[in-house]
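Q: Provided herewith is a single structure, encoded as structure tokens, for subsequent inquiry.
The values are calculated or read from the model by the stated rules, or taken from the named source; none is laboratory data. None of the values given here were measured: they were computed from a predicted structure. When we count neighbours, we look across all protein chains shown, and the Cβ atoms used for this are built from the backbone with ideal geometry, even at glycine. Side chains are part of the model used for accessible areas, which takes the heavy atoms of the whole protein and leaves out ligands, DNA and RNA. Shrake-Rupley method; radii C 1.70, N 1.55, O 1.52, S 1.80 Å.
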Amino acid sequence: MKNWKKILLPLAASALMLSACSGGGGGTTAATNGSGGGDTEKKEITIWAWDPNFNIAALNLAKEKYAKDHPDVTINIVENAQADIVQKLNTGLNSGTTKGLPNVVLIEDYRAQNFLQSYPDAFRDMSDKIKAEDFADYKAGPTSLDGKQYGIPFDSGVTGFYVRTDYLEQAGYTVEDVTNIDWDQFIEIGKKVKAATGKAMLTQDPNDLGTLRVMLQSAGSWYLKEDGVTPNIAGNAAFKEALETYKAMFDADIVKLNSDWSQFVAAFNSGDVASVPTGNWITPSVKAEASQSGKWAVVPIPRLKDTANSINASNSGGSSWYVMNVDGKDAAADFMAETFGSDAELYQDLLSKIGVLGTLKAASGGTAYEQPDEFFGDQKIYSDFAKWTTEVPKVNFGLHTYAIEDILSAEVQNYLNGSKDVDAVMNDTQTQAEAQLK
């Protein structure tokens with residue numbers, strides 16, 4: 001795509017927090033016409049991913065299981081920070097060569113369409129190996145293009161509303177009282193919880209727009225129209241309500257401010273906030289404070305009150321695997337298809353040993369999902385998350401999520417500090433986005 005340089009996605013702040021280490025790749029020649037850099041199949045696969053405690057750990061489990069039936073295949077797992085992976089892919093693919101790139105790479109769902117639409121010939125069509133309908137419906141949009149299935153959907157970013165049951169009780173509420181509520185009710189409950197306990201309802205970095213994303217996707221809306229290219233800010237009723245709700249949280253004084261990941265986690269581990277509305281990937285961090293065992297529950301995420309199609313289910317984050325068109329692509333495709341693409345038993349291990357909640361429908365039940373969690377009052381949280389995953393509305397994240405958020409983050413601050421009203425923020429963001437992305 002000739003406009004690739006214009007649409008390279010900025011590196012997300014969250015990606016910069018992830019640990020990095022350098023490593024080599026598996027590709028040796030440029031991919032052309034979807035046929036790859038050659039058909040001489042190697043029995044060696046190189047995979048790039050980030051996060052040693054989650055994605056890398058999942059790869060190691062898959063590698064161990066695959067090796068039992070395929071001892072002749074060498075699998076090299078290389079840890080890179082997400083930011084480094086994005087940069088290396090951009091640099092390599094923009095130069096027209098896949099030399100030094102891996103056989104398999106993990107790509108965040110928010111970024112996937114940018115790579116697929118710009119360089120579809122760089123990725124192996126996996127339609128002969130997996131079926132999109134075997135995975136959570138909302139994963140199909142980011143991982144496919146023009147009727148072809150490129151990505152192997154991986155983890156679920158399904159959201160949950162994590163609540164401190166003891167703080168709720170002090171304010172006169174039960175878990176049922178906060179189940180399937182809207183964000184306006186969330187704010188009112190937050191006021192009473194703070195009055196009764198002195199604790200903020202949640203912690204939030206004003207520059208982190210993750211909560212806005214959650215609100216938008218709950219209504220099946222996004223920063224972009226269904227074409228994944230055209231900015232969809234001005235006139236977007238769901239987006240306007242999300243912005244107004246976001247500001248109302250701060251105005252109600254129920255937010256404990258944070259400025260980075262460590263402060264975010266510290267706020268709930270220290271007991272300073274009463275809830276954490278976010279993706280299920282936060283579960284290990286919530287459970288890290290063992291002294292709070294039995295004091296938490298998880299219920300569906302709140303919905304927008306006045307947007308009719310907003311529901312109590314949404315998504316935050318998530319990623320998928322992509323096989324690159326380089327030597328060894330078919331061996332890599334076999335590995336991915338036999339593990340993350342179909343192995344329900346593997347997903348049981350991923351959940352019980354690592355806490356990875358996958359999106360393979362066949363793996364959404366079983367022993368690991370049905371285990372009560374003592375930390376959450378013996379709630380079967382993963383069974384609940386699996387159910388909510390099937391309800392997440394589909395949206396097209398498109399090409400420009402992070403580019404628009406670069407513009408939006410400054411405008412949101414203008415809105416929060418009162419220097420602009422909501423309509424001015426939306427109109428100005430729309431104008432800037434159209435100028436930058438045309």
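Q: With a Förster radius of 22 Å, plug the Cβ-Cβ distance of N427 and D306 into 1/(1 + (r/R0)^6) and report the FRET value to the nearest 0.05. Let's see the in-between values first.
A: Details: r = 20 Å, r/R0 = 0.92.
Computed FRET efficiency for N427 and D306: 0.60.
Q: Over 18 Å apart: what share of the alpha carbon pairs of region 38-161 falls there, rounded to a whole percent? It would help to have the intermediate numbers written out before the result.
A: Values: 4491 of 7626 pairs.
Every Cα pair in region 38-161 considered, those over 18 Å come to 59 percent.
Q: Taking R0 as 30 Å, what FRET efficiency do you get between A196 and K394 from their Cβ-Cβ distance, rounded to the nearest 0.05? Walk me through the numbers on the way to the answer.
A: Working: r = 39 Å, r/R0 = 1.31.
E(calc), rounded to 0.05, equals 0.15.
Q: With a probe of 1.4 Å, find how much accessible area the chain has per residue, and write the answer as a whole number in Å². Present the calculation step by step, with values, prior to reporting the outcome.
A: Numbers: 16880 Å² over 438 residues.
Per residue, the chain has 39 Å² of solvent-accessible surface.
Q: Mind putting a number on the dipole of region 197-254 about its Cα centre? Charges go on the C-beta only, +1 for Lys and Arg and -1 for Asp and Glu, and I need it in Debye to the nearest 20.
A: Details: 5 positive and 8 negative charges, 11 e Å.
Using only the charged Cβ atoms, the result is roughly 60 debye.
Q: Quick check: net charge around K65, other residues with Cβ under 11 Å of its Cβ, Lys/Arg +1 and Asp/Glu -1? Intermediate results must be reported in sequence, preceding the final value.
A: Numbers: positive: K63, K68; negative: E64, D69, E338, D343, E345, D349.
That sum, taken over residues with Cβ under 11 Å, equals -4.
Q: I've got another one for you. Determine the sum of side-chain charges near D155: Lys and Arg each +1, Asp and Glu each -1, restricted to other residues whose C-beta is under 11 angstrom from that of D155. Could you put the intermediate results ahead of the total?
A: Numbers: positive: K139; negative: D51, E108, D109.
Taking every Cβ under 11 Å from that of D155, the sum is -2.
Q: Next question, about the same structure. Under the 0.36 nm per residue contour assumption, what length would be gained going from the current alpha-carbon distance of D72 and K387 to full extension?
A: Details: separation 315, 0.36 × 315 = 113.40 nm, distance 3.85 nm.
So the extension gain works out to 109.6 nm.
Q: Give me the distance between the Cα centres of region 46-106 and region 316-392, rounded to whole Å.
A: 18 Å
Q: In the chain, carbon and sulfur make up what percent of the accessible area (probe 1.4 Å)? Can you show the working numbers first?
A: Numbers: 7900 of 16880 Å².
The computed percentage sits at 47.
Q: Checking the a/c ratio against 1.5 first, then a/b against b/c, what shape does the Cα gyration tensor give for region 289-395?
A: Values: a/c = 2.54, a/b = 1.42, b/c = 1.79.
Oblate is the answer for region 289-395, as a/c is 1.5 or above yet b/c matches or exceeds a/b.
Q: Across all directions of projection, what mean area in square nanometres is found for the Cα convex hull of region 194-336? Spell out each step's value before the answer.
A: Working: hull surface 50.1 nm².
Projected area, direction-averaged: 12.5 nm².
Q: Continuing with the same structure: Give me the net charge of E241's neighbourhood, meaning all other residues with Cβ under 9 Å from the Cβ of E241; Lys, Arg count +1, Asp, Glu -1. Spell out each step's value before the answer.
A: Working: positive: K240, K305; negative: E244, D306.
That works out to 0.
Q: Charges at C-beta only: +1 for Lys and Arg, -1 for Asp and Glu. How large is the resulting dipole of the chain about its Cα centre, in Debye rounded to 20? Don't skip to the end; give the middle numbers.
A: Details: 38 positive and 58 negative charges, 122 e Å.
The calculated dipole for the chain is roughly 580 debye.
Q: Which value in deg cm²/dmol, rounded to the nearest 500, describes the helix-derived mean residue ellipticity at 222 nm for the chain, given -39,500 (n - 2.57) per DSSP H run of n ≥ 4 and division by the residue count?
A: Numbers: 18 runs with 172 residues, N = 438.
Result for the chain: -11500 deg cm²/dmol, rounded to the nearest 500.
Q: Check the straight Cα-Cα distances from K305 and name the aspartates and glutamates below 14 Å, setting aside those fewer than 8 residues away within the same chain.
A: D182, D184, E188, E241, E244
Q: Can you work out the FRET efficiency for the pair D227 and N94, with r the C-beta to C-beta distance and R0 = 22 Å, to the nearest 0.05? Could you put the intermediate results ahead of the total?
A: Values: r = 23 Å, r/R0 = 1.06.
Efficiency, rounded to the nearest 0.05: 0.40.
Q: Which option, [x] 61, 27, 17; [y] 37, 30, 19; [z] 36, 27, 18, is the value of semi-axes √(5λ) of the Cα gyration tensor in Å that was calculated from these coordinates?
A: Recomputing semi-axes √(5λ) of the Cα gyration tensor in Å here gives the entry labelled [z].
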